[in-house]
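What follows is calculated from the coordinates using simple rules that are stated; it is not laboratory data. Every value quoted in this text rests on a predicted model; they were computed, and no experiment measured them. Heads up, the Cβs are rebuilt from the backbone with ideal geometry, glycines too, and the neighbour counts pull from every protein chain shown.
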Amino acid sequence: MTINAAQVGFGAAVLAGVVLAIIGHPGPKDLLPPAASAAPSTPTFALKSVSVELPTSDVTFPGGAAADAINANCLSCHSAGMVLTQPSFARATWAAEVDKMIHAFKAPIDQANAAAIVDYLTATKGAK
């Protein structure tokens, strides 16, 4: 009977699996230097809870019905004052900002509202 290279490789893999099953897989504690592994109860890092309280505001965007879309979609993350103190931008820049909020920051704004928000921002803070 002859043994080929594939059979030898398979046998080596099986043997390695059996050895690991018997002695256990080396975990992170086994890979630490001896001084660090001497105190396994000492955590190497700690997670801490942080509570952030954001300021609230009752101020909405002015403009009546024209501001409905921006008031309904943007005030959950931005104050009206923060947006209205931004520099004036061209329509394309405001469209890119709204697109960034939707795609990069995952703001749940549908396309119809996005267009109305861009219209509002262009009318209110558009470059003249």
Work out how much length MET82 to ALA112 would gain on full extension: take 0.36 nm times their residue separation and subtract the Cα-Cα distance, in nm to one decimal.
-> 8.5 nm
Measure out, as a whole number of angstrom, how far apart the alpha-carbon centroids of region 55-128 and region 3-22 sit.
-> 63 Å
Which aspartates and glutamates does LYS128 reach when only Cα atoms under 20 Å apart count, and residues fewer than 8 places away in its own chain are ignored?
-> GLU97, ASP119
A chain fully extended from ALA12 to ALA123 at 0.36 nm per residue, minus the present Cα-Cα distance, gains in nm 32.7 nm
Please find the FRET efficiency linking LYS100 to SER51, where r is the Cβ-Cβ separation and R0 is fixed at 30 Å, and quote it to the nearest 0.05.
-> 0.60
Using 0.36 nm per residue of separation minus the Cα-Cα distance, give me the extension gain between ALA65 and ALA92 in nm, one decimal.
-> 7.4 nm
